[in-house]
Each structure stands twice: as C-alpha cells, then as structure tokens.
Amino acid sequence: MIDIKIAENAGACYGVKRALKIAREASSVPGPAHTLGPLIHNPRVVASLAEQGVGVAHTLDEAQSGTLVLRSHGTAPAVKAEAIARGFEVIDATCPYVSKVQEHAYELGKQGYSVVIIGEPGHAEVESIRAWGGDAVVAVADTPDKLPATLPDKVGVVIQTTQSQDHVDAVLGAVRKLAREVLVKETVCFATQERQKAAADLAGKVELMIVIGGHNSGNTTRLYEICKPLCEATYHIEDVDEIDPAWLAGVEHVGITAGASTPQEQIDAVCSYLNKLAG
Ligand code: SF4
C-alpha cells in the first residue's frame, strides 16, 4: 500500500488556464487559427489544441492569415506589430504577470538603466522580455557564470517569472558586486513561489517524488532541481509511460508535483497509474 500526496498548488497556473481558454475560443472563430510558437510548454496540450483546429505556426509566414494567438510567454513587440500590420486577427494570451516583466524591462531602459534579466537564456519568456528591453539589455543569466566580466554602473534587474529563489539570489549577489547602483524589480510570480515551496516541503517527506510536466518546460525543470536534493529518487516525467515500476520498490510515501503548464488530467493519470501499480 502506498500513500500518494500531491503538493499544494501543483499544476496549471492562472496564466496557463487563461491562455488555454483564449486559444480554445479562437478555434470557434471562422478561418484558420494558429498560436505563434507553442502556446505553453506542454506537447500533449499543444497537440490537443491542434486537434481542435488551433495549430502551431513558428513564423508569420507559416501562419499566412487568420487568427493568431500570442503565447503565454509573450511576444516581441515588433512581431506583434507586424502581425497586426499584415492583417492577422491578433489575440494576445500573454500572461499578465509576464507582461509586467516586459513593461519593467522597457521602462528601466527608458530611465537610463542597463537591464540584466535573471532568467534562462533562450527561453521564450526571457526572449520576449529581452525584446521589450531592447538595446538596454546587457545580460541574461540564470547562473553567475553567465554574467559578463563587467557591468555598467547603473543596472536594473528583472526576473523571469518562474525562476527559483536560489538562482535569483546567486545571480543578484554577483550583479551587486559588478554594478554600483542596482534596482531590482521582483517579478517572480506568486504561483511559482507557492508551487516551488510546496514541492520542497513535500519532497522532504517522501521516498519517491515525481515531477510532471513537459521536458521543454523550464518551470517544471526547476521544480525537479528543487526536489532532487531533498529526495534522491526524484524523477521528471511528461507522461505515465515514463514511470518505471521499479521506482516503487520498498516505497511507502510518494509525492507528486507538476509544472505550471501541466493540466489536472495529466496529474490524475499519474495518480491512477501509481495506485494500479501498487495494487
Ligand atoms: S507561472 Fe506565473 S507568470 Fe507564468 S504563466 Fe503562470 S501565472 Fe503567469
């Protein structure tokens, strides 16, 4: 008999639920509908949206015409402007918390700050923030070694909404050593902080911890990184198929958490599979 506990606040956050609702509504608009890039970092959900008529276009050329849903991670302002100019029906599903970070990056640049983004280089959200910050952005780093050797005197810092506090503290400590004046905009979203805290609390109490979410999902990967030191047997899976029944050998307490782009159905599927395995 195993005891399965799900961490509080596991799974889809406000921004993801909102983006999904917007995208599903777009499927009922006449004409073709696309998201520009995957709506969220969850391949199963993205595939199911495509079945409902909202496919993924990676470029405006690929989408050609019709309705264009801008992803929850945000879009560069120049791309949004071009989509409108080309006549797309643009529906912006950017999470309002991400929009806030974009605005801060833009405003800090206007106020004469050089901008450092604490975030994962190349991540869709981070790239949209970088685009909003424009030429003012001097560094993007989720670890201190990714910072340049020197920084301008006056630095404004914005933070990717899903960064963990450990990453933020480490990079911020290094930025403070390199710049004379540092203005920090605390932009990690509450949903992320709560989910990470609950996952850590649970990981410290179980022998097996399963983190569910897209392998391409940065916030799910950070949940894994947070849980792993607290529970050696922590695994990041996208789907039940990836569960090895051997993980359950001798285990009495299992913890489950899930990233911000993981719908409840995927959490339920993992729970019922584990219960079945435990007999
Ligand atoms: S994790 Fe936070 S910022 Fe990101 S989509 Fe969800 S609510 Fe928005």
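Results, tabulated for the structure shown:
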quantity: Rounded accessible area of Ile22 (nearest 10 Å², 1.4 Å probe); calculated: 30 Å²
quantity: Per residue, in Å², the accessible surface of the chain once ligands and nucleic acids are set aside, probe 1.4 Å; calculated: 46 Å²
quantity: Cβ-Cβ FRET estimate between Ala50 and Glu194, R0 fixed at 25 Å, reported to 0.05; calculated: 0.20
quantity: Nitroxide proxy distance, nm - points 7 Å out along Cα→Cβ at Asp92 and Glu225; calculated: 2.9 nm
quantity: Separation of the Ile2 and Lys146 label points, Cα + 7 Å toward Cβ, nm; calculated: 3.3 nm
quantity: Sites Asp135 and Gln64, calculated FRET efficiency, Cβ-Cβ separation with R0 41 Å, nearest 0.05; calculated: 0.85
quantity: Pairwise label distance in nanometres, Arg24 with Glu265, each label 7 Å out on the Cα-Cβ vector; calculated: 0.9 nm
quantity: Global form of the range 36-97, assessed from the alpha-carbon gyration tensor, a/c cut-off 1.5; calculated: oblate
quantity: Volume per residue of the C-alpha convex hull in the chain, rounded to whole Å³; calculated: 121 Å³
quantity: Computed over the range 97-184: relative contact order in percent, which uses C-alpha pairs under 8 Å that are six or more apart; calculated: 33 percent
quantity: Relative contact order (%) - the chain, alpha-carbon pairs under 8 angstrom, separation at least six; calculated: 22 percent
quantity: Listed peptides 174-187, 70-83 by packing density, highest first (mean Cβ within 10 Å); calculated: 70-83, 174-187
quantity: Gyration tensor (alpha-carbon) shape descriptor, the range 97-184, a/c threshold 1.5; calculated: oblate
quantity: Probe 1.4 Å - accessible area at Lys17, Å² to nearest ten; calculated: 130 Å²
quantity: Sulfur and carbon atoms: percent of accessible area, the chain [1.4 Å]; calculated: 52 percent
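The values are calculated or read from the model by the stated rules, or taken from the named source; none is laboratory data. Owing to the predicted nature of the structure, the values given are computational and were not obtained by experimental measurement. All Cβ positions, glycine included, derive from the backbone under ideal geometry; neighbour counts span all protein chains shown. The accessibility values were calculated without ligands, DNA or RNA, using every heavy atom of the protein model including side chains. Shrake-Rupley method; radii C 1.70, N 1.55, O 1.52, S 1.80 Å.
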